[in-house]
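A.B. asks: Below is one structure. I have some questions about it.
The values are calculated or read from the model by the stated rules, or taken from the named source; none is laboratory data. As the structure is a prediction and not an experimental result, all values here were calculated from the model. Every residue, glycine as well, gets a Cβ built from its backbone with ideal geometry; the counts of neighbours run over all protein chains shown.
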Amino acid sequence: MTDADATQIPIAQTINPSGTSSVVLVCEHASCHIPEALDGLGLSDAAKVSHAAWDPGALGVARQIAKRLDAVLVASCVSRLVYDCNRPPEAPGAMPAKSEIFDVPGNVDLSPDQRAARAATYYVPFHDLLVQTVAARPAPLLVTIHSFTPVYNGVTRTVEIGVLHDADTRLADTMLDLAPTHTSADVQRNAPYGPGDGVTHTLQVHGTAHGHPNVMIEVRNDLIRTEAEQAQMGDMLAEWLNDACEKLNAQGVACSA
């Protein structure tokens, strides 16, 4: 079977497509689903549901923000080990042969044609949908939602919420200024990842390149294990984003959460 067979399943979805907010939420790592055509990528059952395969809790948080702000949400429906929609096709991490401690046999020694087919099947439809969604909003504000593991390669992470940005720092700066009024969590700039780690592709392509304010929010996944925790985190982030948007408006940056 080929990647073309995967067109039978949804590649990406919009949640609350008629949302009135100018905020466009994105969850690139929302799912750990591996299409049957890819034979599980040769992964163990544990690897298929690990943090390497998706961002646990991120979709629940993003859904709650979408609900609170009445914002549209674009989410990938396949595992990031199939294709990491936050990476361009030329990036090795787009179809990683290894992710942290997990080998990914189904991604080893992919030919250029196989990589191109994988990108055409998963990356292109996701980003086409995001292009359309952003274009439909006046003065869009791009917010991507992710989660990260408390321990990575044996190193414990103390950061609890990361506020990430690339060249456009407007929204991130504003959120960081407002952080103490919304959370007692350990909030850090460009942590546990930053632009040098290649994690700002979506922000660059759909935000900065068009002058739209943008930010990536990373939440440590032990804080959002349950639906209740996801809802609580989503509520807090929605209020935080709303206040940041109001502050940007006061500075002459058009946006509406």
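A.B. asks: Would you confirm whether or not the stretch 88-99 contains a residue that is in a loop (DSSP other than H, G, I, E, B), surrounded by 16 or more Cβ atoms within 10 Å (Cβ to Cβ), out of contact with any helix residue (DSSP H, G or I) (no Cβ under 6 Å at 6 or more places or on another chain) and of a type in the set (A, V, I, L, M)?
C.D. replies: Looking through the stretch 88-99, none of the residues is in a loop (DSSP other than H, G, I, E, B), surrounded by 16 or more Cβ atoms within 10 Å (Cβ to Cβ), out of contact with any helix residue (DSSP H, G or I) (no Cβ under 6 Å at 6 or more places or on another chain) and of a type in the set (A, V, I, L, M).
A.B. asks: Are any residues in the stretch 116-137 within 18 Å of HIS210 (Cβ to Cβ) and among the charged types (D, E, K, R), and if so, which ones?
C.D. replies: Those that are within 18 Å of HIS210 (Cβ to Cβ) and among the charged types (D, E, K, R): ASP128, ARG137.
A quick yes/no check of all residues on (1) within 14 Å of VAL26 (Cβ to Cβ); (2) free of Cβ contacts under 8 Å to residues at least 24 places away in the same chain; (3) of a type in the set (Val, Ile, Thr):
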site	(1), (2), (3)
HIS127	yes, no, no
PRO140	yes, no, no
THR149	no, no, yes
GLY162	no, no, no
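A.B. asks: Looking only at the stretch 100-113, how many residues end up being in a helix (DSSP H, G or I) and either without any contact (Cβ under 8 Å) to a residue 24 or more places away in the chain or farther than 21 Å from SER50 by Cβ (or both)?
C.D. replies: Qualifying residue count for the region: 2.
A.B. asks: Looking only at residues in the stretch 162-186 that are in contact with an Asp or Glu (Cβ under 7 Å, 6 or more places away or on another chain) and among the hydrophobic types (A, V, I, L, M, F, W, C), which one is nearest to HIS51 (Cα to Cα)?
C.D. replies: For the stretch 162-186, the residue satisfying everything is LEU164.
A.B. asks: To continue, here is another question. Counting just the residues of the stretch 116-160 that are of a type in the set (D, E, K, R) and at pLDDT 95 or above, which one comes out surrounded by the fewest Cβ atoms within 10 Å (Cβ to Cβ)?
C.D. replies: Residue satisfying both the conditions and the ranking: ASP128.
A.B. asks: All but one of (1) farther than 18 Å from GLU246 by Cα; (2) at pLDDT below 95 hold for VAL205; state the number of the condition that does not hold.
C.D. replies: (2)
A.B. asks: Going by the conditions given, is ASP166 on the phi < 0 side of the Ramachandran plot, among the charged types (D, E, K, R) and in contact with a helix residue (DSSP H, G or I) (Cβ under 6 Å, 6 or more places away or on another chain)?
C.D. replies: Yes, satisfied.
A.B. asks: Follow-up. Need a quick list: helices (runs of 4 or more DSSP H) entirely within the stretch 114-212 having at least 2 residues that are farther than 27 Å from ILE11 by Cβ and either within 16 Å of the chain's Cα centre (by Cα) or not aromatic (Phe, Trp, Tyr) (or both). Give the derivation first.
C.D. replies: Numbers: elements: 124-135, 170-178, 201-206.
Hits in the stretch 114-212: 170-178.
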